[in-house]
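Participant: Could you have a look at this structure, given as structure tokens, before my questions?
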Amino acid sequence: MMDIRYHVATLVALFLALGLGVLIGSTIVGSDVLVEQQRKMIAQLETQFDKMRQEEEELSVRARDLATLVGHYENFGQAVLPPLVRGSLAGYQLAVVVTGGQQLPPGLLNTLTLAGVKVNTTTVVLPGMGLEDATLAAGAKEYFGTGEQATVEQLRGMMAVAMARVITGAEAEADRQFLEDSGLVEFNGDFRLPVQGVLVLGGAADAGADFSASLDAPLVQALLGAKKRVYGVESSRVAISYMAGYQKLGITTVDDVDLSPGQLALVLAMQGQSGSFGIKETAKKFMPELPAGLVGAA
């Protein structure tokens, strides 16, 4: 769509330039041949412009039709999802971490609940993690005892490790208090409860909220070091994807957890099928294999 608009704008610019050329040519050169050539060129450009405008309108209609079709498929997926996942992860205790400022898809929590997952805690990274406030950065340096030489990226990595200590219940009340009081992280739930896995929801709306290298990476590494299974996920539509970075860390990823296929893929992955699932270029497979008899049982 954008390419067509670009070309249309180019044609309009050429049209105006040629129109000006006609005036200049007829005044200065006085050549009927030159004027006639320019008129033909303008006529050709007008024809191309009309054709492109028609194509753009047709593409817009096609895009609306496809969006409607995708909506129908998603409705179908949500209808058949419950019997496929119900009770399949009964008793699974999970911690959820949101790192890139995205919202947890409501359908995701519903699917996990249907599967029998208990979300013990939620941890949300706040915009202050950008550490643009000099006072905040100074406080972090003092807390971690780094001295003035520490970079923002290094401080963020230390905060990631502190977050991991809180999430895994490693007697980290001081870390929790510092991160909360500084407006860096919001913690909810009982962090004394054990968790079997950690769901990290990434993806950012813009580069200013992308801390995947300095926060997510050390966080995942610390969680893996604590012997927790980590799943890196994001919605199907994010401006900046974290999937490639997560996959370098060797964790299972699902890049479309806002959609029913992605939610089913996550549930199957949590049952033991590792891999990179979803609809983006970074995915290696659409979804895990359906266990034998699953559809029939549903």
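The values are calculated or read from the model by the stated rules, or taken from the named source; none is laboratory data. Here the structure is a predicted model, which means the values were calculated and not measured. Here the Cβ is made from the backbone with ideal geometry for all residues, glycine too, and neighbour counts use every protein chain on show.
Participant: Answer with yes or no whether V80 is part of a helix (DSSP H, G or I), closer than 20 Å to G262 by Cα, out of contact with any His (no Cβ under 7 Å at 6 or more places or on another chain) and in contact (Cβ under 8 Å) with a residue 40 or more places away in the chain. Break it down stepwise before answering.
Facilitator: Numbers: part of a helix (DSSP H, G or I): yes; closer than 20 Å to G262 by Cα: yes; out of contact with any His (no Cβ under 7 Å at 6 or more places or on another chain): yes; in contact (Cβ under 8 Å) with a residue 40 or more places away in the chain: yes.
Taking the combined requirement at face value, the residue satisfies it.
Participant: Just checking, which of V98, V85 is modelled with pLDDT of 95 or more and surrounded by 15 or more Cβ atoms within 10 Å (Cβ to Cβ)?
Facilitator: Values: V85 fails: modelled with pLDDT of 95 or more.
Exactly one residue qualifies, and that residue is V98.
Participant: Looking at the range 177-212, which of its residues are under 23 Å from K118 (Cβ atoms), of a type in the set (A, V, I, L, M) and assigned to a loop (DSSP other than H, G, I, E, B)?
Facilitator: L193, V195, listed by residue number.
Participant: Then there is this: Quick one: what pairs do we get from the range 140-155, first residue touching a residue at least 60 places away in the same chain (Cβ under 8 Å) and closer than 20 Å to V185 by Cα, second surrounded by 11 or more Cβ atoms within 10 Å (Cβ to Cβ) and hydrophobic (A, V, I, L, M, F, W, C), C-beta under 6 Å, 6+ apart or different chains?
Facilitator: Short answer, once both residue conditions are applied: V152/L131.
Participant: Of the residues D216, D256, which is over 20 Å from L84 (Cβ atoms), surrounded by 22 or more Cβ atoms within 10 Å (Cβ to Cβ) and assigned by TED's automatic domain parsing to the domain that holds M129? Steps first, please.
Facilitator: On the way: D256 fails: over 20 Å from L84 (Cβ atoms).
None of the other options fit; the residue is D216.
Participant: For the range 151-182, what are the residues that are of a type outside the set (K, R), surrounded by 18 or more Cβ atoms within 10 Å (Cβ to Cβ) and in contact with an Asp or Glu (Cβ under 8 Å, 6 or more places away or on another chain)?
Facilitator: A160, A162, M163, V166
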